[in-house]
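Q: Here's a structure for you.
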Amino acid sequence: MKKVDYLSPIGVIEITGTEEAIYDVSYTDKQQVEYVFKEKLPHAVKDCYTQLDEYFKGERTEFDLPFKLEGTPFQQEVWQALREIPYGKTGSYRDIAVAIKRDKAVRAVGAANSKNKISIIFPCHRIIGASGKLTGYAGGLWRKEWLLEHEQKILNTLACQAEGSFSKSK
């Protein structure tokens, strides 16, 4: 298992994985990078680092990485459902419960969501309260707010670019 730190606009993110899969993508309290990027890092870890960099630069809206998350079958279902929430959109615990056909398991969905070890890639930051307000986030509400605003900014930029391309092709 190898680690590398990625210095993001919202702090140092630690990526842990092997040649075959990513096991953890977590925020840290580090003030500086401890585990530096090296060419000899496992393939999956290098890919994760690169894809996170592209995400923060606004060049990537979906992640394509091998991962290994250990959890109960229920947790696995919740985490997979998180990945179905589109970039720049939000959902609630109830939405996830309905998506996995367990309508009454809203609190259990919240508990499973809090155990997600692959932040951003399994976008638990896109889960908000049923009222539309921001709810708890392991990385802190300020990070959640930043990530949601970042995705909206990128979507708006892409929409403007597409609109410009459309009007030029008329």
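Q: Does Lys38 meet the test of being touching an Asp or Glu at 6+ places or on another chain (Cβ under 8 Å) and either free of Cβ contacts under 8 Å to residues at least 60 places away in the same chain or buried (at least 18 other Cβ atoms within 10 Å of the Cβ) (or both)?
A: no
Q: Please find, among Gly110, Gly88, Gly58, the residue that is of a type in the set (Gly, Ala, Ser), part of a helix (DSSP H, G or I) and under 21 Å from Leu147 (Cα atoms). Step through it out loud before you land on a result.
A: Values: Gly88 fails: part of a helix (DSSP H, G or I); Gly58 fails: part of a helix (DSSP H, G or I).
Result: Gly110 is the single residue among Gly110, Gly88, Gly58 that is of a type in the set (Gly, Ala, Ser), part of a helix (DSSP H, G or I) and under 21 Å from Leu147 (Cα atoms).
Q: Now for a separate question. Looking only at the stretch 29-71, count how many residues are within 16 Å of Leu7 (Cβ to Cβ) and modelled with pLDDT under 95.
A: Residues meeting the conditions: 11.
Residues checked against (1) over 13 Å from the mean Cα position of the chain (by Cα); (2) open to solvent by 60 Å² or more (accessible area, probe 1.4 Å):
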{"residue": "Met1", "(1), (2)": "yes, yes"}
{"residue": "Ile15", "(1), (2)": "no, no"}
{"residue": "Lys57", "(1), (2)": "yes, yes"}
{"residue": "Lys68", "(1), (2)": "yes, yes"}
{"residue": "Gln75", "(1), (2)": "yes, no"}
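Q: Please work out if Lys153 is open to solvent by 20 Å² or more (accessible area, probe 1.4 Å) and either in a loop (DSSP other than H, G, I, E, B) or more than 18 Å from Phe56 (Cα to Cα) (or both).
A: When the stated conditions are applied, Lys153 does not pass them.
Q: Filter the stretch 98-123 down to the residues that are within 11 Å of the chain's Cα centre (by Cα) and open to solvent by less than 30 Å² (accessible area, probe 1.4 Å) and list them by number.
A: Within the stretch 98-123, Asn116, Ile118, Ser119, Ile120, Ile121, Phe122, Pro123 meet the criteria.
Q: Starting from residues that are among the acidic types (Asp, Glu) and modelled with pLDDT of 90 or more, keep the ones in the stretch 124-170 and report whichever is nearest to the chain's Cα centre (by Cα).
A: To start, the set of residues in the stretch 124-170 that are among the acidic types (Asp, Glu) comprises 145, 149, 151, 163.
Retained after the next criterion (residues that are modelled with pLDDT of 90 or more): 145, 149, 151.
Numbers: Glu145: 13, Glu149: 14, Glu151: 11 Å.
So the residue we want is Glu151.
Q: Quick one: what pairs do we get from the stretch 139-156, first residue on the phi > 0 side of the Ramachandran plot, second at pLDDT 95 or above and not in a helix (DSSP H, G or I), C-beta under 8 Å, 6+ apart or different chains?
A: Qualifying pairs under 8 Å: Gly140/Tyr27.
Q: Taking the stretch 22-35 on its own, how many of its residues are closer than 17 Å to Phe63 by Cα and open to solvent by 10 Å² or more (accessible area, probe 1.4 Å)?
A: The total comes to 3.
The values are calculated or read from the model by the stated rules, or taken from the named source; none is laboratory data. The shown structure was predicted, so the numbers you read here are calculated from the model rather than taken from an experiment. Positions of Cβ are backbone-derived with ideal geometry, glycine not excepted, and every protein chain shown enters the neighbour counts. The protein model used for the area step is the full one, side chains on, heavy atoms only, and it has no ligands, DNA or RNA in it. Shrake-Rupley method; radii C 1.70, N 1.55, O 1.52, S 1.80 Å.
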